[in-house]
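Okay, so here's the structure we're looking at.
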Amino acid sequence: VVDLRWLVPLSESAIVEEVNKCESVLIVDECRQSGSVSEALITLLVEKRINIPMARVCAKDSFIPIGTAATLTLPNVEEIMLKVQSLVETVKESVST
């Protein structure tokens with residue numbers, strides 16, 4: 001787990017170094033799917049030719065809700081766990097072939 005909440009600008013070399021130790025990558029981003037830092041991270045990994053399963057779980061593209069609706073578009077535990085399970089299965093399949 002690499003927590004990027006407070007890293008600006010992103011340390012691309014440190015991120016690539018950590019990802020190179022992994023079998024898969026799941027990026028969980030509370031920002032909307034379009035125009036979020038997770039897009040930049042996926043682009044970085046693709047440009048660096050990191051060839052492992054990758055996925056994102058992001059907030060839904062929407063207007064910015066206020067009040068109690070503010071959290072409705074955010075990623076939730078169920079979405080994250082489903083994506084983790086999918087990545088684990090992908091890694092298992094690639095190891096068995």
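What follows is calculated from the coordinates using simple rules that are stated; it is not laboratory data. What you see is a predicted model, and the numbers here were worked out from it, not measured in a lab. In this analysis, Cβ positions are derived from the backbone assuming ideal geometry, glycine residues included, and neighbour counts consider all displayed protein chains.
Restricting the calculation to Cα atoms, every distinct pair contributes to the Kirkwood radius of the chain, found to be 14.6 Å. Summarising the amide proton neighbourhood of M54: residues at separation of 5 or more, or on other chains, whose placed amide H is nearer than 5 Å comprise V25. Close amide-amide hydrogen proximity is noted between C31 and A59, each under 5 Å apart and 5 or more residues distant or on a separate chain (H modeled in the peptide plane; Pro and chain starts excluded). Per-residue Karplus couplings for the stretch 71-76, computed as 6.51 cos²θ - 1.76 cosθ + 1.60 with θ equal to phi - 60°, are listed in order as 9, 5, 8, 6, x, 10 Hz, Gly and Pro entered as x.
So what is the calculated 222 nm ellipticity per residue for the chain, using -39500 (n - 2.57) for each DSSP H run with n of 4 or more, over all residues, to the nearest 500 deg cm²/dmol? Before the final figure, lay out each step's value.
Numbers: 3 runs with 39 residues, N = 97.
After summing the helix terms and dividing by residue count, I get -12500 deg cm²/dmol.
The label-point distance for V2 and L82, in a model that sets each label 7 Å from Cα toward Cβ, rounds to 2.7 nm.
Each residue of the stretch 14-29 was assigned a 3J(HN,Hα) from its phi angle through the Karplus expression (A = 6.51, B = -1.76, C = 1.60, θ = phi - 60°), giving 5, 5, 4, 4, 5, 5, 4, 8, 9, 8, 7, 9, 10, 9, 9, 10 Hz with x at Gly and Pro.
Given the chain, what count of lysine pairs have C-alpha atoms under 18 Å apart, with each pair 8 or more places apart or on different chains? Number of lysine pairs found: 4.
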